[in-house]
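Asks: Mind having a look at this structure? Questions to follow.
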Amino acid sequence: MTTAHTQQNLPQLRAANLGQQMTVRIDKHNSKIGEVVDVRWDDKLAKFEVDLACGVNRVIRTYKVDRLPCMRLPSRTAGRFASRKALMDFVGAKQRNQQWAWCGVNHTDRRVYFSMWTDLKHMSTAGTESYTIQEPDWGIKEGRKGASRKDHDEKLALVFEGGYEAWGYLIEGVHGHRVRDQVAKIEATVTNRIFQLQLAVQPDKSIHGIITGEVHLKI
């Protein structure tokens with residue numbers, strides 16, 4: 001992101017992030033939650049300067065452009081998070097790997113957030129809406145599970161065996177659909193909604209997430 005580009009889009013970045021909460025490290029052992037009250041661009045440092053309110057205190061932190069994922073520009077479509085990581089940061093969830101992980105987990109709230117491809121939607125005769133969370137052969141090549149599949153299985157176990165809540169968010173590929181056996185670039189999360197799910201194992205061993213609730217996030 002060039003300086004000119006940053007200056008041009010600063011009002012949009014500021015508007016998208018005012019009121020957002022960020023974790024602020026106070027010292028080596030302590031962190032606090034701060035609310036963004038202003039965002040500025042420092043030409044000399046070539047960094048963002050973020051003004052945060054931490055209770056009665058005000059804290060200013062500087063961040064490099066590529067180190068500030070929560071300050072990314074909104075995507076080309078209104079109402080979307082700019083990336084999966086931006087959504088995970090917003091809900092306090094962590095991914096094992098930003099490139100290949102299909103899900104994230106918030107251990108504090110005991111919630112797992114699963115990706116749901118827009119073109120893998122199912123409607124029952126009773127009108128129940130669900131999405132495919134995992135197919136039996138996803139992430140398996142020549143009989144061996146890849147890192148993303150192992151991670152996904154671990155997160156599913158947190159729900160099935162550990163009592164964590166299952167949540168989902170909609171994503172789509174750059175071509176509008178998931179491409180089998182390819183690492184598809186995700187254009188963006190589709191909306192500012194997350195869905196509470198009831199996971200159900202199907203007769204073919206695939207796992208579906210049945211939507212039981214919906215939450216609109218303010219972004």
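The values are calculated or read from the model by the stated rules, or taken from the named source; none is laboratory data. All values reported here derive from a predicted model rather than from experimental measurement. In this analysis, Cβ positions are derived from the backbone assuming ideal geometry, glycine residues included, and neighbour counts consider all displayed protein chains.
Asks: Within the group VAL201, VAL183, VAL174, VAL179, which residue is of a type outside the set (D, E, K, R), at pLDDT 95 or above and loosely packed, with under 15 Cβ neighbours inside 10 Å?
Replies: VAL201
Asks: Give me the pairs: first residue in the stretch 118-130 and under 15 Å from PHE195 (Cβ atoms), second residue assigned to a loop (DSSP other than H, G, I, E, B), beta-carbon distance under 8 Å, and six or more apart or on different chains, which are they?
Replies: Filtered contacts from the stretch 118-130: THR118/GLY176; THR118/HIS177; THR118/VAL190; LEU120/ARG178; SER130/SER124.
Asks: Residues of the stretch 101-119 being within 13 Å of the chain's Cα centre (by Cα) and polar (S, T, N, Q), which ones?
Replies: ASN106, SER115
Asks: Please go through the stretch 91-108 and pick out each residue that is free of Cβ contacts under 8 Å to residues at least 24 places away in the same chain and charged (D, E, K, R).
Replies: Within the stretch 91-108, LYS94 is the sole residue that qualifies.
Matching residues to (1) crowded, with 18+ Cβ neighbours inside 10 Å; (2) among the polar types (S, T, N, Q):
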{"site": "TYR131", "(1), (2)": "yes, no"}
{"site": "GLN134", "(1), (2)": "yes, yes"}
{"site": "LYS141", "(1), (2)": "no, no"}
{"site": "LYS145", "(1), (2)": "no, no"}
{"site": "LYS150", "(1), (2)": "no, no"}
{"site": "VAL159", "(1), (2)": "yes, no"}
{"site": "ALA166", "(1), (2)": "yes, no"}
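Asks: Could you run through the stretch 90-114 and say how many residues are surrounded by fewer than 20 Cβ atoms within 10 Å (Cβ to Cβ) and either of a type in the set (Gly, Ala, Ser) or over 21 Å from ALA147 (Cα atoms) (or both)?
Replies: Residues in the stretch 90-114 being surrounded by fewer than 20 Cβ atoms within 10 Å (Cβ to Cβ) and either of a type in the set (Gly, Ala, Ser) or over 21 Å from ALA147 (Cα atoms) (or both): 6 in total.
Asks: Could you name every one of the strands (runs of 3 or more DSSP E) located completely within the stretch 82-132 that has at least 2 residues being hydrophobic (A, V, I, L, M, F, W, C)?
Replies: 103-106, 111-117
Asks: Right, another one. Only residues that are surrounded by 13 or more Cβ atoms within 10 Å (Cβ to Cβ) and at pLDDT 85 or above: list them for the stretch 115-128, please.
Replies: Within the stretch 115-128, SER115, MET116, TRP117, LEU120, LYS121, HIS122, THR128 meet the criteria.
Asks: Taking the stretch 42-53 as the search range and keeping residues that are surrounded by 12 or more Cβ atoms within 10 Å (Cβ to Cβ) and at pLDDT below 75, which one is nearest to GLY92 (Cα to Cα)?
Replies: Here the residue is PHE48.
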